[in-house]
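Quick notes on the structure that follows.
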C-alpha cells in the first residue's frame, strides 16, 4: 500500500487540474454570455430611445394642432396638452443620444456619422431640434396660427425631414448593434469551441489515462490480494508440512538418543563390562550427530550461507567410508549393493569434499531406504571433456535402484523441501524429507547438474554431473627405474574401492598389480608363497575370522577409527608416495601417535568437555593445561610455551574468536597453532575461525580420529 501513495497523489492532482480547467472554461463562457446580454440590452435601450425621439417629435406636432384647435373654438384650455414637457423630454432624449457615453459604444465610423448628423447646418439634426424648440416657444408665446410663421411645427415637409434624420440615427445604432451582436456571437462560438476542444483534450490526455491508471492500479491491487491469498495458503501448507517435519525430526533424533541412553543404562546396571554395549551407544551417538549435521546443513543452504571450498582430497577414501555404511544398510535389508568405478576416475581430485560427501550420502541413503527388494547400483565415471567450469573433466554419479519409485506428478517436485511429507511418504519411510533439496542446492553450488527418472513401482535413477579439477600433487618424486625392478603388487580384497585405488596407484607408479577377490582364491592364496608385495584387506577378517594372513603381508586397515593392534597394519588408502616407499623397503612410521613432553592448552568452559578432551590427549602422552575462558587463555599463553591450542568458540567473558585475535597480536617467541574445537558446525563458523587466524577446525562431539590427525599435522616434526 505504501508504494501506491504516489500514484493516488498523481491521480488526485490530475483530477484537480481537470476541475480547474473546466471551471475556467465555464467561467469564460459565462462571462462572454453575460457581456453579450449586457451589450444587447445597452444597444436596445439606445435604439428604443432613438425611436422614441421620432414619436415625441410627432407628438409635439399633434399637441400643437390640438392646442390650436382649442384656441380656434375658444374652448377651455384647462386640459390643454403639456407640450412643454413633451418638448423637454424630446430635448433630453436627444442629449442622451449625442452625449459621449452613448457615442463610445459606436465604432469610429458610426461615431463620425452621428457627429455629422448633429453638426450645425441647414439640414442637421441639431438644427432641426433647435428649430423645433424655437417653433414651440413661439407657438406658446404668440399663439400665432399662421403656418408660415413656423419652420417645422405645422410644416409636414420639414417634420418629415426631422423624422428621416432621427431614423438615420436609429439605423446607425441598429447597424452597430447587429455588427456587435455578430462579433459577440462569433466570440461566444469560439469560446464554446475552445471549451469543447479543451474538454476533449482533458478526456483524451487526462481522464482516460488516469482511468486506465486507476484500472491498472486496482488490477494490481487485485493481483496482490490474490498473491496474498496464495501466499497465505502456501504459508499455512508450509507450516503444516514443517510441523510434520518437526515431528519426524523429533522421531529421528529420539531414536538414536534412546539408543545412547538405553545402552548407558544397561552398562550402569550390568555387573560385567560389555564392549558391544559401548559400541552400540557410540553408533547411536554418531547417528544422532549425523542427523543434527543434516538439519544444520539444510538451514545453512536455505539461508544461502554455504560457501564452496575446492581443495584436494582422497575420493577413494571417501567412497570407502561410505561404502562400508551403505553395505551394512543393504545387508540389513537383503539388498544387493553394487559399485562400478570407471578406470579413468582419479583417486584424488579437487572439489568440495563436504558437499560431495553430502550428495553421495543423501542419494545412496535414499536409494537404500526406498528399496525393499532388488538392488542399488552406484556408477561413477569421469568425462574428460573440458567445460566452462573445469578444464579437467566432469564427474558423473549415477545411482539406480529397484525401489518404490515415484509417480510422474511427484518427479517434477522431487527436489522441493518437505516433498516427502507433502506426498505422504513419511508415513511409510523414516526421514525428514529434505535430502533431495539439499542435493539439488549443493549440485548447483558446484556448477553441476542433476536429473531424475522414476516410475512408480519400478525404481528410480538419479544422475549427477559435477565439474572437477584433478589434484595437482599426483606426481611421484621417486626413482621409477627402481620400481620397475621391484616385484609386483598382489591385492587381496573384494572391496571395489580398494581395487580401484590400487589400480590407479599401480598405473601411476608403473608397476603391475593382480587382484584376488573371491573367497576360494583367498583361501588358496594364504598357502602360497607370493613373489610379490601383498596387500591384504583387514575387513575380510570380519566375515572370515579363520583367515590368518602371514606377518609379511601389509594389512590394509579400512577401519581407521579402530585400533587392531597388528604391527604390520597400514592405512588402507596409501598415497602413491607412501606405496612407493613401501615397495622400496623404507620403514613405515608407526600407526599410533605419541608425543611425550608436548604441552597443549585446552580452552573450554564446560567441565565434562574438559575431562573428555583431557583424557583423549593424555592417552597420547601429552601434557594438558585447561583455561575456562578467553582471558585465562591469553594469560597462560604469555606464561608458558604451548605446542598447540584447542580453542572453544562460545565461552563466558571472552569468546574464542576474540581470544584468538588478541593472542595473534601478542609478541611471543613462538606463536602456537590454534585449532577451533566447537559445537558451531556451520561452514560460516569455520570460515570465521580462519578469518581471525586459526589454523584448523574441529567440531563437537569430538571424533578421536580427527583429533589425532590434527595432532599429527601440527605436532609431528
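Between residue 577 and residue 444, the C-beta separation translates, for a Förster distance of 35 Å, into a calculated FRET efficiency of about 0.45.
Once the Cα-Cα distance is subtracted from the 0.36 nm per residue extended length, the residue 654 to residue 12 segment shows a gain of 225.2 nm.
Taking a point 7 Å out from the Cα of residue 331 in the direction of its Cβ, the residues of segment 533-547 whose backbone N falls within less than 13 Å of it are 539-545.
With the highest mean first, a sort of the peptides 707-713, 552-558 on other beta-carbon atoms found within 10 angstrom per residue produces 552-558, 707-713.
Residues of segment 491-526 falling in the label zone of residue 584, defined by backbone nitrogen less than 19 Å from a point 7 Å along Cα to beta-carbon, are 505-512. If I model a spin label as a point 7 Å beyond the Cα along the Cα-Cβ vector, how far apart are those points for residue 384 and residue 615 in nm? It is 5.3 nm.
Here the extension length gained between residue 224 and residue 342 equals 37.1 nm, from 0.36 nm per residue of separation less the Cα-Cα distance.
Each label point was placed 7 Å from the Cα along the Cα-to-Cβ direction; for residue 45 and residue 661 their separation is 9.6 nm. Note on residue 312 and residue 373: the model spin-label points, each 7 Å out from Cα along the C-beta direction, lie 4.9 nm apart.
Report the far tail of the P(r) of segment 581-672, meaning the percent of Cα-Cα pairs longer than 24 Å. Intermediate values should be presented prior to the final figure.
Details: 1283 of 4186 pairs.
It works out to 31 percent of all Cα pairs.
Counted residue by residue at 0.36 nm each, then reduced by the alpha carbon distance between them, the extension gain from residue 231 to residue 194 reaches 8.1 nm.
Values quoted throughout were computed directly from the atomic coordinates according to the rules given, and no laboratory measurement underlies them. Keep in mind that this is a model prediction, so the values were computed, not measured. Cβ: placed from backbone, ideal geometry, glycine included. Neighbour counts: every protein chain shown.
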